[in-house]
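Right, one structure below, let's go through it.
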2 protein chains.
Amino acid sequence: MRELAGSPGSWSGLALRLSQFAFAAASVCVMASARDFANYTAFCYLIASMGLQALWSLGLACLDGYALKLEKDLRSAVLVSLFVVGDWVTSILSFAASCSAGAVVVLFDRDAFFCSRDPHLPCGTFELATAFAFLSWAFSGTSALVMFWLLASP
Amino acid sequence: MRELAGSPGSWSGLALRLSQFAFAAASVCVMASARDFANYTAFCYLIASMGLQALWSLGLACLDGYALKLEKDLRSAVLVSLFVVGDWVTSILSFAASCSAGAVVVLFDRDAFFCSRDPHLPCGTFELATAFAFLSWAFSGTSALVMFWLLASP
């Protein structure tokens, strides 16, 4: 298989995984710190989805680190197929969660004016968690595309 | 380039394009028929995104029909690159719009109980339009994957 930026078992791949993990974990922590987030399905789903993303990315980051240390090649067809499935599932779920949370934040802020009417609603915290989720998705989507490309062009 | 179900200029490709167009157009019509949809950013975005999806799919359906009639081959690298970019842009926008509208519908129905409190809010119509948008995205995502596969494995 070809060498591509972001391939499994490379330094760029490790950096990509660590970025996904960092932003997903930040999103979970920020959202979980917000008051009353549990009243809204979209925000609970964001936590669930970002939790899954963080676990998956951390697992693959450990695998990348292990492969780099022992100089193993992770680009076999079976492993890449596994990574493709996992990456696509987590990245589609992350994108859906980010868009859902974003839609609810926009509704609160611009359509229903909940943020200006209720000063106790932590709109800034919701926005920050959603922004982190979008960043995590951007890195996760990049990984998914790289894996798909590796699978399609062996 | 290889022959793949859903390739441009094939009968399966034409069927895929017509399905995308039909569900996107249905979503636009249903949402536009709902009272007060314009008060909500997510629903306006759904109309814009599904409108773009319908136009793009109709254009490619016409191109597929033309290629089938004159027995032309549309699977050149330049054309497939164009289709990949267009398909990915429309399908990411469609998915974002579907998820956003879905999040707002769930918020109205389950979290804030707007649907049971305000009988004039056309929640059923919002739900139907969102369901059509998800169906249109499912076909559009399939097209995008097929095109990407064709581009990656010439």
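A few notes on this one:
- The residues listed here are B:Gly51, B:Gly13, B:Gly9, B:Gly59; of these, the one that is more than 14 Å from chain A (Cβ to nearest Cβ), part of a loop (DSSP other than H, G, I, E, B) and either modelled with pLDDT of 95 or more or closer than 21 Å to B:Trp88 by Cα (or both) is B:Gly9.
- Residue within region A:29-41 that is free of Cβ contacts under 8 Å to residues at least 24 places away in the same chain and away from chain B (no Cβ under 14 Å) present: yes
- Pairing residues of region A:132-154 that are free of Cβ contacts under 8 Å to residues at least 24 places away in the same chain with residues that are of a type in the set (Phe, Trp, Tyr), at Cβ distances under 6 Å and at least 6 apart in sequence or on separate chains, gives A:Ala152/B:Trp149.
- Among residues that are within 14 Å of chain B (Cβ to nearest Cβ) and not hydrophobic (A, V, I, L, M, F, W, C), A:Ser140 is included.
- Of the residues in region B:108-119, at least one is out of contact with any Lys or Arg (no Cβ under 9 Å at 6 or more places or on another chain), open to solvent by less than 50 Å² (accessible area, probe 1.4 Å), assigned to a loop (DSSP other than H, G, I, E, B) and closer than 21 Å to A:Ser100 by Cβ.
- Filtered residue count, region A:84-102, keeping only those that are in contact (Cβ under 8 Å) with a residue 60 or more places away in the chain and open to solvent by 10 Å² or more (accessible area, probe 1.4 Å): 2
The values are calculated or read from the model by the stated rules, or taken from the named source; none is laboratory data. It should be emphasised that the depicted structure is a prediction, and the values quoted were computed from it without experimental measurement. Note that we place each Cβ from the backbone using ideal geometry, even for glycine, and neighbour counts take in every protein chain shown. What goes into the accessible areas is simple: the full protein's heavy atoms, side chains included, and nothing from ligands, DNA or RNA. Shrake-Rupley method; radii C 1.70, N 1.55, O 1.52, S 1.80 Å.
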